[in-house]
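The next block holds one structure in the form of structure tokens; read it before the comments.
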């Protein structure tokens, strides 16, 4: 005992110390793990934020460049149209001045010749593809410097390669609007290839002619592309940040590395081809998108990191333009963050160890004092515990005795209740037998009285006597069968047998049918053949109790004109459910929870014992199972 108390005191001191060390270790481990997780989260968030920042910046840059290029394209197109208009207006002024000079001295044809002399040799634009043409309002060509054979011919049926009657269209514009723009395809000098032109014409009404000029759209587009490339090449965002542009066939047209420009896609390395393919695919998805890659063809400095680029299609040019930023900055920030974390972890670990050591020393002192008090308390508790164990032992012995006595009382109570239930059932059965016997006894009495009367009147015949005796014998057998059914019901054997539920229900109905008919109660039995292995007499007693309860409920309800008891069954592979219901209105919800309690009845004491349903439940649960 002394060694046990000493060991307990020892553990009271040692266990808290061990607990403190373990707690400190776990806390430190958890804290370090938490800090590492936190670092990883901060690292990911930092990378996410920086990536988002790069994406937003590069996207805004490209969108701004595209707006500049698109605006410049629109301005160039308008300028070119305005140039055409201005050139035609200059020629129109020349025509007007010539006409005013010679209108009174020369014929119309001579005036037109003078006009031709002044205008037919004019050429403009860098490739000298610009010239003036004059056509009258009847579609007759007056001047065509490029193809002089067309002059003086009426060409209202001439078509371009797309099938357009472009001279007719020009004449219609002249007649309806006096001036305007139109487009058509025409052979380009030195190329022998039909190219699209945009032209402007203006009517000179005194001579019924219109003068015009045109420019190849290809020349305008070349100017637009050159201007766009100048814009792209002129923009830089930093040493490592620049714009690049490429066509959708994979040929680069603008890049910081000049050796990379206009190189056919097939001449690039496999890595470069892969990067360009990804750029084209990403741009085509939604006309724009982001791409991640490591540059290979051109490095501005050593150990350069990955690059995030935003690429987009320039709508008017169908070029792909992009710019990007390297992730070098985020790599440096992550490295600095790691160094700070390591320093923070070391400081935290040192602080935890110091605090844990101080707390441990304090707790050791406290536990030593507490252990002494606990030791004295343990002695008191041992003494008190011994006394309480003695009392508990005595209480346990008394409790076992009381439990045994109560069990015996409950058994006696159940036996009494079962006997009372049997007596109640017997009373019901005697009443039922009385009803069953009335009809056969009446028939026997009538047959015997008839024989006696016929004998006294000396008119008794043998066949009448035989019929009467047969009736007496038949009704006597019926009485005997009723006694047998009554005897079978009260057999005490509890041997499980195989029986048909439908036949058992018929036995019950046979016992009580006369009584029910006398009370104007109709039984509707829809059960069918179903064999089970169980206690038949016990089931019959339960059915009899429930049907009698239904009968009493129907008799108590004076408002019912027709009284019914319904019997049905449901079955599956494991169980049979017998359902008995009546039309008396059901059980009041306030008492439905009490109907299986012993001696609980809703009838007058003279009519009910309150044990019928209680014993039925006992039989079903404990015997029939």
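Would you mind computing, in nm to one decimal, how far apart the modelled labels at residue 208 and residue 336 are, each placed 7 Å from Cα along Cα→Cβ?
Roughly 8.6 nm, to one decimal.
Whole Å is fine, so just give me how far the alpha carbon centre of the stretch 180-204 lies from that of the stretch 534-599.
107 Å
Run the numbers for residue 531 and residue 513: contour at 0.36 nm per residue of separation, minus the present Cα-Cα distance, in nm. Don't jump to the answer; show the numbers that get you there.
Details: separation 18, 0.36 × 18 = 6.48 nm, distance 2.33 nm.
Difference between extended and current length: 4.1 nm.
Obtain the nm distance between the two label points defined at residue 405 and residue 64 by a simple spin-label model: each point lies 7 Å from its Cα along the Cα-to-C-beta direction.
Spacing of the two 7 Å Cα→Cβ label points: 10.2 nm.
Pull out a ≥ b ≥ c, the square roots of the eigenvalues of the alpha-carbon gyration tensor of the stretch 59-98, then state rounded if a/c is under 1.5, prolate if not and a/b is larger than b/c, and oblate in the remaining case.
Details: a/c = 10.42, a/b = 9.28, b/c = 1.12.
Prolate shape, in that a/c is at least 1.5 and a/b is the bigger ratio.
Extending each Cα 7 Å along its Cβ direction at residue 22 and residue 278, get the distance between those two points in nm, one decimal.
5.2 nm
Hey, with R₀ at 56 Å, roughly what FRET efficiency would residue 55 and residue 30 work out to, going by the Cβ-Cβ distance, to 0.05?
On the way: r = 36 Å, r/R0 = 0.65.
Rounded to the nearest 0.05, the efficiency is 0.95.
Ranked highest first by average number of other Cβ atoms within 10 Å, how do 385-395, 313-323, 83-93 line up? List each step's numbers first, then the result.
Working: 385-395: 10.3, 313-323: 19.6, 83-93: 16.5.
Highest to lowest by the protection proxy: 313-323, 83-93, 385-395.
When a/c is below 1.5 the answer is rounded, else prolate if a/b is larger than b/c, else oblate, so apply that to the stretch 107-247 with a ≥ b ≥ c taken from the square roots of the Cα gyration tensor eigenvalues.
Values: a/c = 2.64, a/b = 2.41, b/c = 1.09.
Here the stretch 107-247 falls in the prolate category.
Suppose the chain between residue 350 and residue 448 were pulled fully straight at 0.36 nm per residue; how much longer would it get relative to their current alpha carbon spacing?
On the way: separation 98, 0.36 × 98 = 35.28 nm, distance 12.16 nm.
Contour length minus Cα-Cα distance gives 23.1 nm.
When a/c is below 1.5 the answer is rounded, else prolate if a/b is larger than b/c, else oblate, so apply that to the stretch 235-326 with a ≥ b ≥ c taken from the square roots of the Cα gyration tensor eigenvalues.
Values: a/c = 1.44, a/b = 1.23, b/c = 1.17.
It is rounded, given that a/c, with a ≥ b ≥ c, falls under 1.5.
Which residues in the stretch 155-193 place their backbone N less than 11 Å from a point set 7 Å from the Cα of residue 218 along the Cα-to-Cβ direction?
Under cut-off, by backbone N: 186-193.
Express in whole angstrom the spacing between the alpha-carbon centres of the stretch 258-279 and the stretch 66-95.
The stretch 258-279 and the stretch 66-95 have Cα centres spaced 37 Å from each other.
Can you give the FRET efficiency for residue 81 and residue 47, using 1/(1 + (r/R0)^6), R0 = 35 Å, r = Cβ-Cβ distance, to the nearest 0.05? List each step's numbers first, then the result.
On the way: r = 51 Å, r/R0 = 1.45.
Taking R0 as 35 Å, the efficiency between residue 81 and residue 47 is 0.10.
Readers should treat all values here as calculations from the given coordinates under stated rules, not as data from a laboratory. None of the values given here were measured: they were computed from a predicted structure. Glycine also receives a Cβ, built like all others from the backbone with ideal geometry; neighbour counts cover every protein chain displayed.
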